[in-house]
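Below is one structure; the comments refer to it alone.
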Amino acid sequence: MSAISGRALHYVFKIGDRAKNAFFFRQILGMTVLRHEEFKEGCDAACNGPYDNRWSKTMVGYGPESSHFVIELTYNYGVSSYEMGNDFGGVTIHSKDILSRAAEHSYPVTQVSGKAGSLLTSPDGYKFYVIDQASASSDPVQSVELNVSNLQNSRKYWHDLLQLKVLEENEASVRLSYGEQQASLEITQISEPINRAKAYGRIAFAIPAAQQPPLQEAVKAAGGAILTPLITLDTPGKATVTVVILGDPDGHEICFVDEEGFGQLSQVESDGDKRLDRNIEKDPFQPK
């Protein structure tokens, strides 16, 4: 397999209350709705988890997904909460504005021993560590942390097999990336077994379509988990993409989508905010 040319895209959060999350991500974190999509039935690649029902996807971030790491908020109609595990560590953001907005809205901010920055927790329990300084890059999102049970096994998987470059490491964690100008992935060893519970998190990367089959074959040859073999996914009225979903040694879901199709699919929508708010307003399951 030739060298992988990858780009970090987003992390998927399953959410139970779109209104509360819209407030947190827009008014507290200061992110923008980049696009909003509604679906009538479940995703063939389990994008919305193991559900076959109506669901929505809202992409939020500080800029276009072509140049920023963003968050995918996946909402299943009628599902109000998800059991959280210990697999997701958190997102680290550099910002001079978030803590002041949190104070303005009396949003809880705490400190965690051994962790840099201030902790803000989303309505569903996802952790955001805010470093109170301006970002050195155009994207305030610096890194995403996943917890692992065996650091060396995970390092071998992410670095040797998936070919992410090691940026820095110590006895407890390894930080990796496909490029220094994009958000990094930090894998951190914890002492207890990894429990992914039922939040169904997933990290996504874009690679050229020509690299997807060789990657799938390399993972298969190495005995790695292929959760969804290479498949074509349609979004009504938008570009078609191909994806392969992998599972790392601890079951973390990893989506590799084709760069060409995703570049078209991920175009920013000027009316994303309005369509999200409109669907929240008419949602029969949304608390009024």
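The values are calculated or read from the model by the stated rules, or taken from the named source; none is laboratory data. Everything quoted here is computed from the prediction, not taken from an experiment. As a convention, Cβ positions derive from the backbone with ideal geometry for all residues, glycine included, and neighbour counts pool all protein chains shown.
Tabulated results
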| quantity | calculated |
| --- | --- |
| Pair list, Cβ < 8 Å and 6+ apart or interchain, from region 205-219 residues that are more than 17 Å from LYS165 (Cα to Cα) and without any contact (Cβ under 8 Å) to a residue 40 or more places away in the chain to residues that are crowded, with 20+ Cβ neighbours inside 10 Å and hydrophobic (A, V, I, L, M, F, W, C) | GLN216/VAL244 |
| Qualifying residue in region 80-99 (condition: in contact with a Phe, Trp or Tyr (Cβ under 8 Å, 6 or more places away or on another chain) and at positive phi) | yes |
| Failed item in (1) among the small types (Gly, Ala, Ser); (2) at pLDDT 95 or above; (3) in contact with a strand residue (DSSP E or B) (Cβ under 8 Å, 6 or more places away or on another chain), with GLY125 passing the rest | (3) |
| Single match in ASP87, ASP124 (criterion: of a type outside the set (A, V, I, L, M, F, W, C), within 19 Å of the chain's Cα centre (by Cα) and closer than 30 Å to GLY223 by Cα) | ASP87 |
| Sole exception among (1) farther than 20 Å from HIS159 by Cα; (2) touching a residue at least 12 places away in the same chain (Cβ under 8 Å); (3) part of a helix (DSSP H, G or I) for ARG278, by number | (2) |
| Residues satisfying the stated conditions in region 173-186, i.e. small (Gly, Ala, Ser), at pLDDT 95 or above and either part of a loop (DSSP other than H, G, I, E, B) or within 16 Å of the chain's Cα centre (by Cα) (or both) | SER177, ALA183, SER184 |
| Residue under evaluation ALA218, criteria (1) surrounded by fewer than 20 Cβ atoms within 10 Å (Cβ to Cβ); (2) not in a helix (DSSP H, G or I); (3) not polar (S, T, N, Q), criterion not met | (2) |
| Cβ-Cβ under 6 Å pairs, at least 6 apart or on other chains, region 12-28 side farther than 17 Å from VAL91 by Cα, far side surrounded by fewer than 23 Cβ atoms within 10 Å (Cβ to Cβ) and hydrophobic (A, V, I, L, M, F, W, C) | ARG18/ILE280; ALA19/ILE280 |
